[in-house]
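Asker: Structure incoming, see below.
The values are calculated or read from the model by the stated rules, or taken from the named source; none is laboratory data. In this text, all values refer to a predicted model and were calculated from it rather than measured experimentally. Quick reminder, even Gly has a Cβ in these numbers, built from the backbone with ideal geometry, and neighbours come from all protein chains shown. Calculation scope for accessible area: heavy atoms of the full protein, side chains included, ligands and nucleic acids excluded. Shrake-Rupley method; radii C 1.70, N 1.55, O 1.52, S 1.80 Å.
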Amino acid sequence: MSQRDGLVLFPTDNKVYVINPAIRDILVLPHGQRDVLLTTYNEHQTIGFGLDPRTRRYKVARFFYRAVDVLKQSYSIGMEVLTICGDDNDASWRETLEDPLYPIYEFDAPAYFKGSLFWRIGCYIVKQSAKGLLRFHLEDETFSLIPQPASALDGEFQIMERVSSFAVMWKAEM
């Protein structure tokens, strides 16, 4: 569950709701791509939302697995987006032009900051080499990697710690 500006995103195992408690309104989002992991390994949709700074409209982004082969440690992943317009003209999911760079932890809700969603990179099913955050830009619907900082960098000691859905960086000069 996530919230932005008084709106609440509430995903279940098979539906996604956007709730506006102030006016007692509930929007039921249409079904998206079928996530092969959704029924096999978890009952949790990997989803987030935030405000696109260019259009000033809310976008819901949903990460999904097209295929997973645990024995070969391979996967095919995607992201789909739905724009909440206030009318029903664009009330359908569309896949992003590029796939996410890395899989993300399925149980973590993303953090939203200045027009982007940030997910922790990783997967419980397949081994992953990259560590850090996957950034999804809501404006142009592209991905970028924010690598995890090294433990020692230019005479400074840094450590990242996960607290709830936030990443906290501790930094001390040495």
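Asker: Looking at (1) touching a Leu at 6+ places or on another chain (Cβ under 9 Å); (2) over 19 Å from Ile146 (Cα atoms); (3) modelled with pLDDT of 75 or more, which is the only condition Glu80 fails?
Answerer: Unmet for Glu80, out of (1) touching a Leu at 6+ places or on another chain (Cβ under 9 Å); (2) over 19 Å from Ile146 (Cα atoms); (3) modelled with pLDDT of 75 or more: (1).
Asker: Sticking with this structure for a sec: Scan segment 86-111 and report the pairs whose first residue is modelled with pLDDT of 75 or more and open to solvent by 50 Å² or more (accessible area, probe 1.4 Å) and whose second residue is of a type in the set (Asp, Glu) and outside any loop (DSSP other than H, G, I, E, B), with Cβ atoms within less than 8 Å and a gap of 6+ or a chain change.
Answerer: Arg94/Glu80; Glu95/Glu80
Asker: Of the residues that make up segment 89-98, is at least one of a type in the set (S, T, N, Q) and either under 23 Å from Gly132 (Cβ atoms) or touching a helix residue (DSSP H, G or I) at 6+ places or on another chain (Cβ under 7 Å) (or both)? Outline the logic, then answer.
Answerer: Restricting attention to segment 89-98, the residues satisfying the condition of being of a type in the set (S, T, N, Q) are 89, 92, 96.
Adding the requirement that they be either under 23 Å from Gly132 (Cβ atoms) or touching a helix residue (DSSP H, G or I) at 6+ places or on another chain (Cβ under 7 Å) (or both) leaves 96.
There is at least one residue in segment 89-98 that is of a type in the set (S, T, N, Q) and either under 23 Å from Gly132 (Cβ atoms) or touching a helix residue (DSSP H, G or I) at 6+ places or on another chain (Cβ under 7 Å) (or both).
Asker: To continue, here is another question. Based on this model, can you work out whether Ile146 counts as open to solvent by less than 70 Å² (accessible area, probe 1.4 Å) and modelled with pLDDT of 85 or more?
Answerer: Yes; evaluated as a whole, the condition is true for this residue.
Asker: Taking segment 53-79 only, how many residues are surrounded by fewer than 19 Cβ atoms within 10 Å (Cβ to Cβ), within 30 Å of Asp25 (Cβ to Cβ) and of a type in the set (D, E, K, R)?
Answerer: 3
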